[in-house]
1. Within the set A:K3/A:K73; C:K143/D:K155; C:K95/D:K60, which residue pairs have Cα atoms separated by over 25 Å?
2. Once you average over the residues of D:268-281, how many Cβ atoms of partner chains fall within 10 Å of each Cβ?
3. How big is the C/D interface in buried accessible area, both sides summed, 1.4 Å probe, to the nearest 100 Å²?
4. I'd like the distance between the alpha-carbon centres of the stretch B:53-112 and the stretch B:121-135, rounded to an integer number of Å.
5. Report P(r) for the protein assembly as shown: all Cα-Cα distances, bin width 20 Å, range 0 to the bin holding the largest distance, values in whole percent.
6. Distances from D:D130 to the same residue in each other copy, label points 7 Å out along Cα→Cβ, in nm, shortest first?
7. A drop of at least 30 square angstrom in accessible area, chain alone versus all protein chains together, probe 1.4 Å. Which residues of the stretch A:157-203 meet that?
8. Amide H neighbours of A:L107 under 5 Å, at least 5 residues apart or on other chains, H built in the peptide plane: list them.
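The values are calculated or read from the model by the stated rules, or taken from the named source; none is laboratory data. In this text, all values refer to a predicted model and were calculated from it rather than measured experimentally. Don't worry about glycine lacking a Cβ; one is built from the backbone with ideal geometry, like all the others, and counts go over all protein chains shown. Quick note on the areas: whole protein, heavy atoms, side chains included, nothing else; ligands and nucleic acids left out. Shrake-Rupley method; radii C 1.70, N 1.55, O 1.52, S 1.80 Å.
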Protein chains: 4
Amino acid sequence: MAKQQIKGVIPPMITPFREDGAVDYDSHIANMERWNADKLAGYLVLGSNSEAAYLSEDEKIKMMELTVKHAKKERLVLAGTGMESALETIRLTNKAAELGVNGALVLTPFYYGDKMNDEALIKYFTHVADRADIPVLIYNVPKYTHINISANAVKVLSQHPNILGMKDSTGNIPQLVSFLAVIAEGFNLMVGTVSAWFPALTLGIKGGIFALANCAPNECAQVQEMFEAGDLDSARETYMRIFPVNTAVTATYGVAGLKHAADLRGYSGGYVRNPLLPLKDIEKDAIKTIMQTAKLI
Amino acid sequence: MAKQQIKGVIPPMITPFREDGAVDYDSHIANMERWNADKLAGYLVLGSNSEAAYLSEDEKIKMMELTVKHAKKERLVLAGTGMESALETIRLTNKAAELGVNGALVLTPFYYGDKMNDEALIKYFTHVADRADIPVLIYNVPKYTHINISANAVKVLSQHPNILGMKDSTGNIPQLVSFLAVIAEGFNLMVGTVSAWFPALTLGIKGGIFALANCAPNECAQVQEMFEAGDLDSARETYMRIFPVNTAVTATYGVAGLKHAADLRGYSGGYVRNPLLPLKDIEKDAIKTIMQTAKLI
Amino acid sequence: MAKQQIKGVIPPMITPFREDGAVDYDSHIANMERWNADKLAGYLVLGSNSEAAYLSEDEKIKMMELTVKHAKKERLVLAGTGMESALETIRLTNKAAELGVNGALVLTPFYYGDKMNDEALIKYFTHVADRADIPVLIYNVPKYTHINISANAVKVLSQHPNILGMKDSTGNIPQLVSFLAVIAEGFNLMVGTVSAWFPALTLGIKGGIFALANCAPNECAQVQEMFEAGDLDSARETYMRIFPVNTAVTATYGVAGLKHAADLRGYSGGYVRNPLLPLKDIEKDAIKTIMQTAKLI
Amino acid sequence: MAKQQIKGVIPPMITPFREDGAVDYDSHIANMERWNADKLAGYLVLGSNSEAAYLSEDEKIKMMELTVKHAKKERLVLAGTGMESALETIRLTNKAAELGVNGALVLTPFYYGDKMNDEALIKYFTHVADRADIPVLIYNVPKYTHINISANAVKVLSQHPNILGMKDSTGNIPQLVSFLAVIAEGFNLMVGTVSAWFPALTLGIKGGIFALANCAPNECAQVQEMFEAGDLDSARETYMRIFPVNTAVTATYGVAGLKHAADLRGYSGGYVRNPLLPLKDIEKDAIKTIMQTAKLI
């Protein structure tokens, strides 16, 4: 059976917290209502930019329920369900399936990183995908995991009928090419950072999961629209215009920066959880300037 | 109030699993009964060598209960209760306190590693220690976290009345010296690998938490006994004799290797959980040879 | 005065050695005669793929002389003249100028790498460019130097009238974008690996200095020709076809692999110098297969 | 024939430069005259702290000549003669031999670092040692080379009759233990940083080559004297007292810091060469304070 194609832009949704650290579920719903009106292909709940690492299981479940409930019809709902062990990953993935989530984004396990060779990763993802009630996508994000999956492992795993695709957050274009050269037909290779979006499109990549799509969803989508309309110059210009904002809300200021940028564009960013630090005023000013330069505010 | 001194050797206890992946609690109890007869100062449950990253919360609680129940009187019981967020760490730490655990070993949070600067770590550990019902020890293990706490952060945190000490697993002796030079009196700086044990003793370090203490507890303890008796040559010789076994059961073969070495010495190692791979026969043979050379079997 | 534009493909020419380690100058001349008939924009002598680090000063001078002498008229001749100190770099650069070399590719100094911050690199390149009798290009190759120049330093240096451009060998497309966003008009940002060639073209990059251009110069040039003719599909296909060969002759097998690939296509590769190891037969076979798959032989 | 034992402390001598960048040979001679009165076992000319990477061949030769001429009788004179290629290393080593140098400290080649595996390093050092007219010492300094020689390679090379020993500058005590466990009898394993000096002594190491010995030679020597006299407490205290100065003149402020510290103790430090930056006043003040705290001034 052919795998479903994922095309378009998906935000790894921020999780708004109140000042006391509690999840602000109402703000999440409000964000989703706005995003439903934006040019998005779907949603990712419990991603890295969702501070999923900081959520309890109860909070994770509630976030998945609300996301499924409030997502616009026909839009894909993905959830980050990767835990360190196959056992726990399968359990959370199948919980997500019960809640109506469409696909599971599963992080490469990484705690015992020096042991996560090809053999271990192939065995792990195969074991999980064999037992998952929904399709699985591999999540490769060396910035956080210090693991970088090999083309060889991707080649093998792309052939699994229940592994739908991969989000590669490296922004490493030659690496994407090395993956494109070996993946099975129908495997959705997605780019995980807007910093590589336009070049990825020129290589034939169809989908992206972008932190920046939290606060600039339509601009991210326009890059693809323009590219597909054959207007490379506009696509590249839009990409280069939003590029510095992406750097600010990822590498430089991280999730706290992303939440502030979301606030500035009328979404509800909210607080980050300890141990992440809130932004200092000077950092907020810097983000504002960068967004003004990019004509986002 | 003076901080309690931690002196001697503590094993970060392996968690035996059955072939089907279930925790083998009986084997854990059997191991503890043997360790109770060994020269140990206490126990660490839910450490890195316990595959704590692979345990569910229920399993963690049961492991803590059993450890508290079966530990020899007067021996210290520590538990690894570090989660990524302050909220979750406090919750699990205070659960451990309720269960009778004496101290909490708290991992440096690391998922958003590029944001875990001195300010973030100082704020996090202070926040946790302020709210923990038992004393807290910092757990610094860059091999797994890719975070290495600075001497400056250690200096500040060592002054907190509820931060009892630190386990530094780097084996980096110059780093230990830089910590010794700045820590407050009474702060227990412990070494987290036998590979640095004898040199650490010569610097005045009193305690260690060693993977190798799972399978060679008395040999680890003897290095300290000999050193304190003024017999440097015997201490160094014993240290150098067991050193290659330590390399095998940590760097080379990891937890699976440690479990096999435990089996070879009459403890119950059991299986590892997926995604860790079981040892191949050739790896088992290599460990056996290394242990024979070290006169451990 | 406007800076000269560099457009097209330039090989960092291999230096053929005899079995006894002596430079085989005749083979270099023979290679150049063939390359003169290929679609190349110029030549780089004394680059990383030239094993310049292994050449004596006399050998460097002779290689520059021969390259200038045998280069096809109108083609650019660049030479790698970067040494660790400004003093030595200036001396060798001006020697190159005397010999008729057109531009100097100057490596970021790297021995005291932890001290090579923006301030040091800006001061160094400014000092060198002020005193160089020919234009200077910055050579950024973290794979070998473990230094990665910042966008901020590139911004400042791109404004220097005697700094003509930069070769960035990272293949890091988002980094190229961050450079493109800040460089002064007329600054030649060149890509230093074929693994990023097609995506770089889509971003407006005009020139490349490629190891692979030693053995597949026309295929490298065709990617650009097709792209400029508006045939993106052919450009991408050609790029993806030669991509695995590039991986083989750089990352996997290094200079020895590149020399063997050159041999297979009728150039004279020759031996590598100690401490580089010659290829084993199984490695030669692997390269042959990869080149056959890419239809290069 | 037994290898000569190297015991005691050796400074990797700074090279004083004038403000215009010229080598200040007179200051070098003046420094040597003072060091001749200090408790040193010998001298290393052309080491990392000598800015050897910044010297021309003529300057290297003159520095070797002057060092041989002015060294106190019976003291060992070592020279850093490692170049990237075996050919060049042998040439410079045998030039050093002609000039009366007693031993050659040969850096692990590192430019093509990803290819410098055990096989390449064993072949290289064997080839060099076979052809060197004076004994060779391996110089392992990953901080600068990003190469870390393996215990396996050290084991093999330690058996070569013309490889006298090794300077390991990592300060990694467990690594030193792994080397001690495998080296042939008589091989001089020397520690290359004072940050590991006292612990290294407790392991049986007899010699050290220390940046700090440029400005605090007698304090470095006293650690060993006290240790050998059985006074561990004094040895450790002296070691811990000078430890922060070592950090300042290596990791924090580098060669420029070391030269300033030398100035403060009456030696002639002089300027550094471009691209190294001169110290700022605030950095000079910091070094002064650190040295005062250590009672060195």
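1. Going by Cα-Cα distance, C:K143/D:K155 fall outside the 25 Å limit.
2. Mean inter-chain Cβ contacts per residue within 10 Å come to 4.
3. About 3600 Å² of accessible surface is lost on pairing.
4. What the calculation gives is 14 Å, centre to centre.
5. Histogramming the protein assembly as shown at 20 Å steps yields 11, 37, 40, 12, 0 percent.
6. Label point to label point, same position, other copies: 5.0, 5.2, 6.8 nm.
7. Residues of the stretch A:157-203 that lose at least 30 Å² of accessible area once the other chains are added: A:I173, A:P174, A:V177, A:P199, A:T202, A:L203.
8. A:T81, A:G82, A:Y139
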